[in-house]
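Shown next, in structure tokens, is the structure this report addresses.
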Amino acid sequence: MTIGDQITLEELERDPHPIYARLRDQEPVSWVPAVQLWLVTRYEDVRTVDLSPEIFTAATDPSTLNRTMGVNMLGSEGPGQERIRRIVEPPFRPRDVEERTQGMIPKLAHELIDGFVDRGGCDLFREFADPMSVRSLRFMLGLDEIPWEDLLRWNEGLMPGLANFEADPAKQAPADEASAAMGEAIGRVLDRLEREPDGSVLSWMLHRSGEDAMSRDEIVANTKLMLSGGLQEPRDLIALVVWALGSHPEQLAEVRSDRSLIKPAVEETLRWTGPVGTSTRQTTEAVEVAGTKLEEGALIAAVLSSANRDPSRFFEPDRFDIHRREGAHVAFGVGNHFCLGAWFGRHLARVSLDILLDRLPNLRLDPERPPTISGWEFRAPNSTWVRWDHP
């Protein structure tokens, strides 16, 4: 039996990193029946897959993304993908994000902290990271009329469908239900924006014309994509950076006293335990990767989280170190599908961490309520219980 034959979904969900270490060393391209994918685990091979869309296409069949949300730019390739990306990208550039949010992110952070600062402890995941990500993105996209709790609930319903590589009907049914409800709500907002355009991303997409015109289906599917990535990744990144630093108190103390270290702390968290595990691709022709022959049509997961712990690329990669000087990780992917919201997610995490450290003196993990970190496609804590000293 190969290593891949022996891997179970339960093992991957619990902690994939020991499995990835074995695969990188002994079986760098491995068929894993449990997830019905070839896992590509070495840094250089992952980059090759992501940077070669003519051989490794994102327009996979089947596609968990397209099946759950409708055909979208992350599940597409070629001129259609390039057109949507060209339309949607401008509002997510750093200057545009700052202009659209106009101080909303710090204001929201302070408002949320005001709700629990006097208690001396809370679950930051539920009371801060969740509402911080969903409410800021809701504002950015132009979905303020939809209750943020609904958006969060629908997104949680979507996530199992997006990771449903094994095509489990029990996972897909609630994902499809959540997707339909989200689509109806977005449609109602689009009806209003037809009459009353505003400065939101949704209005920007709706009122393109000529070659940049988007159909309703395209807008809805890609809004679901932006909601899914924009709610999950920044939320989990905020929780993960607090957990990573809290698990390394000496580095947390450094960041507390020198805020210029916030940026490298966020980047090291993305490398060490990024929220998104893979890029899914499909071969368009027979190809050889790391000595393994793949037939045309082979479904592949380029494992970003494994590439980020490849010892051929990073020194002592399993060690969390905010002082690394080894260059870029691949937590947001590379190439033409590089994460559209990468800057938004980073910005949200940096601002959040800075304000949390300001407002919550001696912020630290609650030793009596340690989190469970799980997931291989989407990795996150189930909670982030913290304590702080009363001001």
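May I ask you to give the percent of accessible area on the chain that is carbon plus sulfur, with a probe radius of 1.4 Å? Display every interim value, and only then the final one.
On the way: 8210 of 16150 Å².
Of the solvent-accessible surface of the chain, carbon and sulfur hold 51 percent.
How are the Cα pair distances of the stretch 123-177 distributed, in percent, across 5 Å bins from 0?
Pairs per bin, as whole percents: 5, 19, 22, 18, 17, 14, 6, 0.
Roughly how many Å is it from the Cα centre of the stretch 10-70 to that of the stretch 160-237, as a whole number?
Each part reduced to its Cα centre gives a spacing of 25 Å.
Under DSSP H, which helices of the chain have Cα atoms covering 30 Å or more of the helix axis and a Kyte-Doolittle average no less than -1.0?
Those that pass (Cα extent of 30 Å or more, hydropathy at least -1.0) are 169-195, 216-246.
Using only helices, what value at 222 nm comes out for the chain when you add -39,500 (n - 2.57) per DSSP H run of length 4 or more and divide by the total residues, to the nearest 500 deg cm²/dmol?
Numbers: 17 runs with 197 residues, N = 391.
Value at 222 nm, helices only: -15500 deg cm²/dmol.
Could you work out the local net charge near PRO169, counting Lys and Arg as +1, Asp and Glu as -1, over the other residues with Cβ closer than 15 Å to its Cβ?
With Lys, Arg at +1 and Asp, Glu at -1, the neighbours total -2.
Skip the ligands, DNA and RNA, and give the accessible area per residue of the stretch 108-156 with a 1.4 Å probe, whole Å².
36
Across the chain, where is the longest run that never hits GluC sites (Glu not before Pro) in a DSSP loop with at most 16 other C-beta atoms within 10 Å?
In short, 167-284.
Summing +1 for each Lys or Arg and -1 for each Asp or Glu, what net charge is found among the other residues whose Cβ lies under 9 Å from the Cβ of VAL35?
Every neighbour counted, the sum reads -2.
Given axes a ≥ b ≥ c from the Cα gyration tensor, I'd like to know whether the stretch 182-327 is rounded (a/c under 1.5), prolate (a/b larger than b/c) or oblate.
The shape class here is oblate.
Compute the orientation-averaged projected area for the stretch 65-208 from the convex hull of its Cα atoms and round it to one decimal in nm².
Result: 10.5 nm².
Rounded, prolate or oblate: pick one for the stretch 174-236, where a ≥ b ≥ c are the square roots of the eigenvalues of its C-alpha gyration tensor, a/c under 1.5 means rounded, and failing that, prolate if a/b is larger than b/c, else oblate. Could you put the intermediate results ahead of the total?
Numbers: a/c = 1.88, a/b = 1.56, b/c = 1.21.
Prolate, since a/c reaches 1.5 and a/b exceeds b/c.
Given the stretch 266-347, what whole percent of its Cα pairs are spread farther than 17 Å?
The answer is 53 percent, as a whole percent.
Using only the alpha carbons of the chain, determine the length spanned along each of the three principal axes and report them from longest to shortest in whole angstroms.
Here the spans come out as 62, 55, 38 Å, largest first.
With a 1.4 Å probe and every protein chain left in place, work out the accessible area per residue of the stretch 281-371 in Å², rounded to a whole number. Don't skip to the answer; put the middle values down first.
Details: 3910 Å² over 91 residues.
Heavy-atom SASA per residue in the stretch 281-371 reads 43 Å².
Using all Cα-Cα distances in the stretch 1-154, what percent lands in each 10 angstrom bin from 0 up to the longest?
Final binned percentages: 8, 22, 26, 28, 14, 1.
Please sort by residue number the chymotrypsin sites (Phe, Trp or Tyr not before Pro) in the stretch 255-327 whose DSSP state is loop and whose Cβ has at most 12 other Cβ atoms within 10 Å. Display every interim value, and only then the final one.
Values: sites: TRP272, PHE314, PHE315, PHE320; in loops: PHE314, PHE315, PHE320.
Of the chymotrypsin sites (Phe, Trp or Tyr not before Pro), the ones in loops of the stretch 255-327 whose Cβ has at most 12 other Cβ atoms within 10 Å are PHE315.
Near GLY210, within a Cβ-to-Cβ distance under 13 Å, what is the net charge of the other residues, with Lys and Arg +1 and Asp and Glu -1? Walk me through the numbers on the way to the answer.
Values: positive: ARG83, ARG86, ARG208; negative: GLU211, ASP212.
So the surrounding residues net to +1.
The values are calculated or read from the model by the stated rules, or taken from the named source; none is laboratory data. Treat the numbers as computed from the prediction; the structure is a model and nothing was measured. Using ideal geometry, Cβ is built from the backbone for each residue, glycine included, and neighbour counts are taken over all protein chains shown. Remember, those area values only see protein heavy atoms, side chains included, never the ligands or the DNA or RNA. Shrake-Rupley method; radii C 1.70, N 1.55, O 1.52, S 1.80 Å.
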